[in-house]
Amino acid sequence: MKVDLHSDSELRKIYDLKNIAVVGMSKNEGKPAHFVPKYLIEHGYNVIPVNPTITEVLGRKSYPSIADMPEDVDVVDVFRRSEDAPVVVMDAMKKKGIKVIWMQEGIYNEEAERKAKENGMDVVYNRCMMAEHRRLFNK
């Protein structure tokens, strides 16, 4: 699977954005959809869970969709199957102010990328937010 073409300096700028909606966040401590957002919280990010099957995780209220959140969102971190990514982008388009769609490692959908870019959002794909943060900032 290919990876987006963001430079390290472009990725560093994305990490300046602090409000991250995590779509598909999990209560299961062994899943990346749990320990990656936990890592982000531990590094000063405001993580907002999005999962219609849970009400809270890591002490934070979970929302059924991005559009249902009252908080501002800068980045949408996607932990859903690649084929579900267009639906996530459509949901993100209902919320004003989202700057980046970040599809986790192993996730890419061309339609989702196109729709997000057409709506002024940057798109990162097939990269882990935790692994990239460690690589860029914990050298």
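Report yes if some residue within the range 56-70 is closer than 27 Å to S9 by Cβ and not polar (S, T, N, Q); otherwise report no.
Restricting attention to the range 56-70, the residues satisfying the condition of being closer than 27 Å to S9 by Cβ are none.
No.
Quick one: how many residues across the range 110-129 are open to solvent by 30 Å² or more (accessible area, probe 1.4 Å) and without any contact (Cβ under 8 Å) to a residue 40 or more places away in the chain?
Residues flagged as open to solvent by 30 Å² or more (accessible area, probe 1.4 Å) and without any contact (Cβ under 8 Å) to a residue 40 or more places away in the chain within the range 110-129 amount to 8.
Before we move on, is M130 in contact with a Phe, Trp or Tyr (Cβ under 9 Å, 6 or more places away or on another chain) and in a helix (DSSP H, G or I)? It would help to see each step written out before you state the result.
Values: in contact with a Phe, Trp or Tyr (Cβ under 9 Å, 6 or more places away or on another chain): yes; in a helix (DSSP H, G or I): yes.
Yes, satisfied.
The values are calculated or read from the model by the stated rules, or taken from the named source; none is laboratory data. The structure displayed is predicted, hence computed values, not measured ones. Reconstructed Cβ throughout: ideal geometry from the backbone, glycine too, with neighbour counts over all protein chains shown. Heavy atoms of the whole protein, side chains included, go into the accessibility calculation; ligands, DNA and RNA do not. Shrake-Rupley method; radii C 1.70, N 1.55, O 1.52, S 1.80 Å.
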